[in-house]
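The values are calculated or read from the model by the stated rules, or taken from the named source; none is laboratory data. Worth saying up front: this structure is predicted, and the values here are computed from it rather than measured. Methodologically, a virtual Cβ is constructed for each residue, glycine included, from the backbone with ideal geometry; neighbour enumeration extends over all protein chains shown.
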Amino acid sequence: MNGWETLLDRPLARVRRRGRFLVMDLREAHRVLSTSERNGGQVDHLRHLVNHQSCEGTGHVERYRAITEGGQQAHHDNVCAELSLPAHDTAVMGTAANMNYAAIAAEQDGSVEVTAVVTGGVQTNAACAGDPATWREDAAGMEKVPATPGTINTILHVNSPLTAGALARSVVMMTEGKSAALQRLAVPSCYSADLATGTGTDQYCLATPLAGPLTLTSASPHVKLGELIGLAVRKATQEAIRWQNGLEASYTRGIFHALGRYGLREATFFDEIAGGLAPADLELLRKNAKSVLYEPLVGAAAHALAAVLDRVRHGTLPQSVARDALVHQAATLASSLAARPDRWSEFRDALQGSATDEPKPLVLAALALGWREKWRSA
């Protein structure tokens, strides 16, 4: 244990961290369900669950080749050798996320305790279930599997034995807890206009003891075990993403977070809005961008506009009302930025001509209008 930091110590399991590695040691026989390349699936012999930073997030070509060219089985053995752990008794997960950002959440009800240990990043690989895939596996295999910083790895420990059905249901609750965390943070997919439900490389290890005084039969959200799993995973996932990506709830109020999946990007914003503002107004906006574009009511209007776009795209609202509904929200955006709610009707009328099939021109027009009018004398 030289150099190891103990993060959690329980009668059935211990969590320790050193450098690029995080390990959960199982002190008794457990049933483990995992995505590990070796020893994956459901097994009863594992004693160590490993999460490790296998590479940097971007441009780490040499490390990528070392992992992929030797094969995942060999990489598993190399990781275990570096940790002095028996490869046969170990499950391994890899990620580009930093182990120092690992988050732990424990929830308890009576004698039942659920512990989630999560690392996560969502900036480059967040995806919504059903997004277009970029890889296909066939008889010839897959040419490569990219390693990215967008991975959510979860180690979940339940301190009571579970029936086979409850074990399977626990995976559902764990996944829903992760997706609930992304929903709360309004994390956008990197591959579509949808909100993300996970990432393309998520992994997990779920462990429960083989023996104990109480065998649980249900992990439904209607029973306490399901609640504990969902709550622990949700909390740990949010905390891990907060540290890895600096993404916390208050930050997500910004207009780029709200409308980035509809084309509004910080990198190009000032060039795109320049045509709607006088040079002096544009320069003033540049100098005050953070306070303006993260203003709470501006953020509220931006998220409302994104929600309307979502509902039209998914068929909740008919296409026939889309333009009017978007102009209404754009008028709220402009009047919120201008701090002139009394001029909402005027702003709505002014923005009618900016409504097109693409939302970005309307959003830019609303922001330019609101900023122009904020300091104009009545």
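Figures for the structure shown
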read-out: Criterion: over 21 Å from S336 (Cα atoms) and outside the structural domain of S36 (by TED's automatic domain parsing) - qualifying residue of T237, T268; value: T268
read-out: For S345: the one exception among (1) surrounded by 13 or more Cβ atoms within 10 Å (Cβ to Cβ); (2) free of Cβ contacts under 8 Å to residues at least 24 places away in the same chain; value: (1)
read-out: All positions within the stretch 192-218 that are buried (at least 18 other Cβ atoms within 10 Å of the Cβ), in contact with a Pro (Cβ under 7 Å, 6 or more places away or on another chain) and in a loop (DSSP other than H, G, I, E, B); value: A196
read-out: Leading residue by the ranking (nearest to the chain's Cα centre (by Cα)) among those in the stretch 296-320 that are outside any helix (DSSP H, G or I) and loosely packed, with under 14 Cβ neighbours inside 10 Å; value: H314
read-out: Single residue of the stretch 351-378 satisfying the filter (polar (S, T, N, Q) and farther than 20 Å from F256 by Cβ) that is surrounded by the fewest Cβ atoms within 10 Å (Cβ to Cβ); value: S377
read-out: Breaking point among (1) over 29 Å from H45 (Cα atoms); (2) touching a residue at least 12 places away in the same chain (Cβ under 8 Å); (3) not aliphatic (A, V, I, L, M), for H222; value: (2)
read-out: Restricting the stretch 253-295 to residues that are acidic (D, E) and more than 23 Å from the chain's Cα centre (by Cα), the residue that is nearest to A186 (Cα to Cα); value: E295
read-out: The stretch 180-191, subset surrounded by 22 or more Cβ atoms within 10 Å (Cβ to Cβ) and part of a helix (DSSP H, G or I), residue farthest from the chain's Cα centre (by Cα); value: A181
read-out: Subset tally (residues that are more than 28 Å from N98 (Cβ to Cβ) and charged (D, E, K, R)) for the stretch 208-243; value: 2
read-out: Among (1) modelled with pLDDT under 85; (2) not in a helix (DSSP H, G or I) - the single one R65 does not satisfy; value: (2)
read-out: Of all residues making up the stretch 350-364, the number that are of a type in the set (G, A, S) and under 12 Å from Q329 (Cα atoms); value: 1
read-out: Flag for L231 being in contact (Cβ under 8 Å) with a residue 60 or more places away in the chain and over 30 Å from F256 (Cα atoms); value: no
read-out: Condition check for T208: of a type outside the set (A, V, I, L, M), modelled with pLDDT under 95 and in contact with a Leu (Cβ under 7 Å, 6 or more places away or on another chain); value: no
read-out: Some residue of the stretch 98-114 being part of a loop (DSSP other than H, G, I, E, B), in the same structural domain as H157 (by TED's automatic domain parsing), farther than 23 Å from D9 by Cβ and modelled with pLDDT under 95; value: no
read-out: Search result, residues across the stretch 20-36 that are part of a loop (DSSP other than H, G, I, E, B), closer than 15 Å to L85 by Cβ and either more than 27 Å from the chain's Cα centre (by Cα) or at pLDDT below 95 (or both); value: R20, R27
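Conditions tested, residue by residue: (1) of a type in the set (D, E, K, R); (2) on the phi < 0 side of the Ramachandran plot.
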| site | (1), (2) |
| --- | --- |
| E5 | yes, yes |
| L8 | no, yes |
| L12 | no, yes |
| V15 | no, yes |
| D25 | yes, yes |
| V32 | no, yes |
| N39 | no, no |
| V43 | no, yes |
| L46 | no, yes |
